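Notes follow once the structure below has been shown.
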Amino acid sequence: MLTENGHLLRIFISERDKHDHKPLYEWILRKAKEEGLAGATVIRAMEGFGAHSNIHSAKILDLATDLPIIIEIVDELQKIEEFLSIVDSVIEEGLATVEKVHIRFYRTRKDG
């Protein structure tokens, strides 16, 4: 169970980014689960641009896409900082932000 005051980590990478020949976003998500973070979501964006100012867009006729990926992770600041120290060396190009968030609810499943 999280406290009311948590932190949100947002990692912005590219759909084509890889780690160990697998999509980087998959590796980050599984690593977050392995490290016991409260929750993570991967979002595939429709359009965006980054450091190189190249616009990446989802068009109907595009067969090969390289869309922006956003990974959002919510937990306590200490766990977020520890996780950042793990992923920092794996992300070759991208952006990460951390911000305070007010958590309205987080419910664990009740057995029985």
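The values are calculated or read from the model by the stated rules, or taken from the named source; none is laboratory data. Keep in mind that what you see is a predicted model, and the values were worked out from it rather than measured. Positions of Cβ are generated from backbone atoms using ideal geometry, with glycine treated the same way; all protein chains shown enter the neighbour counts.
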Residue list for segment 73-94, restricted to those being within 14 Å of residue 8 (Cβ to Cβ), in contact (Cβ under 8 Å) with a residue 40 or more places away in the chain and surrounded by fewer than 16 Cβ atoms within 10 Å (Cβ to Cβ): 76, 77, 84
Which listed residue, of 62, 66, is modelled with pLDDT under 95, outside any helix (DSSP H, G or I) and surrounded by 13 or more Cβ atoms within 10 Å (Cβ to Cβ): 66
Hits in segment 13-30 - residues which are among the β-branched types (Val, Ile, Thr) and part of a strand (DSSP E or B): 13
Qualifying residue in segment 77-90 (condition: at pLDDT 95 or above, hydrophobic (A, V, I, L, M, F, W, C) and either part of a loop (DSSP other than H, G, I, E, B) or touching a Cys at 6+ places or on another chain (Cβ under 7 Å) (or both)): yes
Test: residue in segment 31-38 that is aliphatic (A, V, I, L, M), surrounded by 15 or more Cβ atoms within 10 Å (Cβ to Cβ), on the phi < 0 side of the Ramachandran plot and not in a loop (DSSP other than H, G, I, E, B): yes
Qualifying positions in segment 39-57 - modelled with pLDDT under 80 and either surrounded by 14 or more Cβ atoms within 10 Å (Cβ to Cβ) or in contact with a helix residue (DSSP H, G or I) (Cβ under 8 Å, 6 or more places away or on another chain) (or both): 48, 50, 56, 57
